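Below is one structure; the comments refer to it alone.
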Amino acid sequence: MKRTHTCGELNKSDSGKKVVLMGWVHRRRDHGGLIFIDIRDRYGMTQAFFSPENEDLHKLAHQLKPEYVIAVRGKVRERPADMVNPKLATGEIEVVASHLEILNEAKVPPFVLEDDVKATEELRLRYRFMDMRRNPVKDAFLLRAKVYRAIREHLDKNGFVEMETPYLTRSTPEGARDFLVPSRLQPGKFYCLAQSPQLYKQLLMIAGFDRYYQFARCFRDEDMRGDRQPEHTQIDIEMSFVDEDDVFRLAEGMFAHAFKEALGVELSTPFKRLTYVESMEMYGTDKPDLRLGLKIRDVTDIARKSDFKVFVDTAESGGRIVCMKFDGGSKFSRKEIAGLGETARAFGAKGMAWV
């Protein structure tokens, strides 16, 4: 048998067609001798129906367990109105099976392959190939592919050339230690895995490739942190004969196109821009999370006119008094407020007052 359709494309307009579906058994339901099998692939899920009138086929279907890989041949028919499943794209139809083939059996899964899985992360990673069958994980990979495709489309339209640069290179000054690969031909010497394509893309600029990009794999031997891991992929872009505004406009267009194509979200451009000084003044960091909305406000001139001696002395001596407004701050405990004061002092403040 050869697959004719995926498990996510059939609908009531296909009623009467003879089809072949292949995929994984998501679940089996037995109702008074009637067997219903939900067949799953990465495109969706389709219900197959096995009638007890075909004894051999019914007996074989009764052997099916979760995650068996099967092939089903049958005819598409509309479901009765009271059995339509609006949660499925194929919920208006089912396939009345006439032939079943077990392509691969499976052991009992180590965890239930549902969207809201209760398994620990360690168990899921140990059986990563199974975890990737779940919709949240699968959808993340599919979204990543859409983003890649959209970015390529945008950069190609803007005259960029996708190039590949070597992974095996020599050591260069970067922000981490190098991963070393022994050389077979020169014992005692090593290649380094590239931490970034920096040198190579500069060579490309010198060679006249004035607009280059690649999805570069980078390798850095450093401790794991929230935003650090031994290898990662980065969008690497280089341009010649441009200024910073050209770079801003390119990035804005690229992100807007990626969001529209991958998520159907329209982003307004140009994006809000902050200078380094503005960012540090308002948020205390050069990479603020604007979703938080916690701006630092300079109230030195107001505090100078107050009766609070600490404020007045600070202002008169050339210091600054800044404030932040916390929504719901009245619910903070004294311990939480004291913790905020310690944090402020750790970042160089002389102290913290609150009202």
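The values are calculated or read from the model by the stated rules, or taken from the named source; none is laboratory data. Everything numeric here is computed off the predicted structure, so don't read it as measured data. Cβ coordinates were reconstructed from backbone atoms using ideal geometry, including for glycine residues, and neighbour counts include every protein chain displayed.
Looking only at the range 197-218, residues that are loosely packed, with under 15 Cβ neighbours inside 10 Å and among the hydrophobic types (A, V, I, L, M, F, W, C) come to 5 in all. Can residue 306 be described as among the hydroxyl-bearing types (Ser, Thr, Tyr), surrounded by 12 or more Cβ atoms within 10 Å (Cβ to Cβ), out of contact with any Leu (no Cβ under 9 Å at 6 or more places or on another chain) and outside any helix (DSSP H, G or I)? Considered against the rule, which asks whether it is among the hydroxyl-bearing types (Ser, Thr, Tyr), surrounded by 12 or more Cβ atoms within 10 Å (Cβ to Cβ), out of contact with any Leu (no Cβ under 9 Å at 6 or more places or on another chain) and outside any helix (DSSP H, G or I), residue 306 comes out as yes. Please specify each residue of the range 246-295 satisfying the condition of being modelled with pLDDT of 95 or more, acidic (Asp, Glu) and surrounded by 10 or more Cβ atoms within 10 Å (Cβ to Cβ). Correct list: 246, 252, 261. On the stretch given as the range 120-165, residues that are assigned to a loop (DSSP other than H, G, I, E, B), in contact with a helix residue (DSSP H, G or I) (Cβ under 8 Å, 6 or more places away or on another chain) and either over 29 Å from residue 258 (Cβ atoms) or not hydrophobic (A, V, I, L, M, F, W, C) (or both) total 2.
Name the single residue that is surrounded by the fewest Cβ atoms within 10 Å (Cβ to Cβ) among those in the range 95-123 being more than 33 Å from the chain's Cα centre (by Cα) and either among the polar types (S, T, N, Q) or under 19 Å from residue 43 (Cα atoms) (or both). The selected residue is 98. If we keep just the residues of the range 70-88 that are surrounded by 16 or more Cβ atoms within 10 Å (Cβ to Cβ) and within 35 Å of the chain's Cα centre (by Cα), which is farthest from residue 33 (Cα to Cα)? Going through the qualifying residues, I end up with 88.
Being more than 30 Å from residue 154 (Cβ to Cβ), in a helix (DSSP H, G or I) and either outside the structural domain of residue 149 (by TED's automatic domain parsing) or touching a Lys or Arg at 6+ places or on another chain (Cβ under 9 Å) (or both) is a property that residue 280 has.
The residues of the range 329-355 that are more than 24 Å from residue 306 (Cα to Cα) and either part of a loop (DSSP other than H, G, I, E, B) or not charged (D, E, K, R) (or both), listed by number, are 332, 333, 339, 343, 346, 347.
If you go through the range 73-109 and keep only what is closer than 15 Å to residue 60 by Cβ and either part of a loop (DSSP other than H, G, I, E, B) or among the acidic types (Asp, Glu) (or both), you end up with 101, 105.
The lone criterion from (1) assigned by TED's automatic domain parsing to the domain that holds residue 99; (2) in a loop (DSSP other than H, G, I, E, B); (3) free of Cβ contacts under 8 Å to residues at least 40 places away in the same chain; (4) crowded, with 18+ Cβ neighbours inside 10 Å left unmet by residue 52 is number (4).
Given the condition out of contact with any strand residue (DSSP E or B) (no Cβ under 9 Å at 6 or more places or on another chain) and either among the polar types (S, T, N, Q) or surrounded by 13 or more Cβ atoms within 10 Å (Cβ to Cβ) (or both), answer yes or no: does some residue in the range 152-162 qualify? Within the range 152-162 (the criterion being out of contact with any strand residue (DSSP E or B) (no Cβ under 9 Å at 6 or more places or on another chain) and either among the polar types (S, T, N, Q) or surrounded by 13 or more Cβ atoms within 10 Å (Cβ to Cβ) (or both)), the answer is yes, since at least one residue qualifies. A single member of 325, 350, 335 is more than 34 Å from the chain's Cα centre (by Cα) and either modelled with pLDDT under 90 or surrounded by 13 or more Cβ atoms within 10 Å (Cβ to Cβ) (or both), and it is 350. Which residues, counting only those in the range 1-31, are over 26 Å from residue 114 (Cα atoms) and without any contact (Cβ under 8 Å) to a residue 12 or more places away in the chain? Once the filter is applied, which keeps residues that are over 26 Å from residue 114 (Cα atoms) and without any contact (Cβ under 8 Å) to a residue 12 or more places away in the chain, the range 1-31 yields only 13. Annotation note: Cβ proximity below 7 Å between a residue of the range 274-286 that is over 13 Å from residue 297 (Cβ atoms) and of a type in the set (D, E, K, R) and a residue that is surrounded by 14 or more Cβ atoms within 10 Å (Cβ to Cβ) and at pLDDT 90 or above (sequence gap 6+ or interchain) occurs for 286/279; 286/280.
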